[in-house]
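Novice: Quick one: this structure, given as structure tokens, is what I'll be asking you about.
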Amino acid sequence: MAKNVAQSATLASLDQKLAMAKRCSHEGVLAGAKAAVVASIATAIPTLASVRMLPWARANLNHTAQALIISTVAGAAYFIVADKTVLATARKNSFKHVPNMEA
């Protein structure tokens, strides 16, 4: 009987940790997606403008190169912001359940 109670408490704790991990990762995905959209716009405008205005860019940056520049910046922004958000959320949640240890 006591073993079943301890086992159900352990499973409840694992379910709670899993739910918290899913929430942390979901927040990271949303923040990363927002950052990727902003970075795409912030990169696309000067890239496309430079291709129209600068002779060197017009001669050397075809459509594939332009897309590669924009998508690289968007991908980097996504992963950097998502990682930082997940780590910050996990850190915040890990300190939430620690009792104050004052001597």
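The values are calculated or read from the model by the stated rules, or taken from the named source; none is laboratory data. Remember, it's a predicted structure, so these values are computed and weren't measured experimentally. Here the Cβ positions follow ideal geometry from the backbone for every residue, glycine too, while neighbour counts run over all protein chains shown. Ligands, DNA and RNA are stripped out before the accessible areas are found, and what is left, the full protein with its side chains, is counted by its heavy atoms. Shrake-Rupley method; radii C 1.70, N 1.55, O 1.52, S 1.80 Å.
Novice: Restricting to region 25-61, name every residue that is more than 29 Å from the chain's Cα centre (by Cα) and of a type in the set (Lys, Arg).
Specialist: Arg52, Arg58
Novice: When both residues are 6+ apart or on different chains and their Cβ atoms are under 6 Å apart, which pairs have a first residue that lies in region 8-30 and is closer than 15 Å to Ala90 by Cα and in contact (Cβ under 8 Å) with a residue 12 or more places away in the chain, and a second that is surrounded by 10 or more Cβ atoms within 10 Å (Cβ to Cβ) and not β-branched (Val, Ile, Thr)?
Specialist: Taking only residues 6 or more apart or on different chains, the pairs are Met20/Asn93; Cys24/Ala90; Gly28/Ala82.
Novice: Among the residues of region 62-71, which ones are under 24 Å from the mean Cα position of the chain (by Cα) and open to solvent by 80 Å² or more (accessible area, probe 1.4 Å)?
Specialist: Leu68
Novice: Can I ask one more? Looking at the structure I just gave you, is Ala76 under 20 Å from the mean Cα position of the chain (by Cα) and at pLDDT 95 or above?
Specialist: Against the criterion (under 20 Å from the mean Cα position of the chain (by Cα) and at pLDDT 95 or above), Ala76 qualifies.
Novice: Take region 45-74 and flag every residue that is among the small types (Gly, Ala, Ser) and under 27 Å from Val86 (Cβ atoms).
Specialist: Of the residues in region 45-74, the ones among the small types (Gly, Ala, Ser) are 49-50, 57, 59, 65, 67, 71, 74.
Once the filter is applied, which keeps residues that are among the small types (Gly, Ala, Ser) and under 27 Å from Val86 (Cβ atoms), region 45-74 yields Ser71, Ala74.
Novice: Of all residues in region 81-103, which are at pLDDT 90 or above and surrounded by 14 or more Cβ atoms within 10 Å (Cβ to Cβ)? Before the answer, list the steps.
Specialist: Residues of region 81-103 at pLDDT 90 or above: 81-88.
The answer is Val81, Ala82, Lys84, Thr85, Val86, Ala88.
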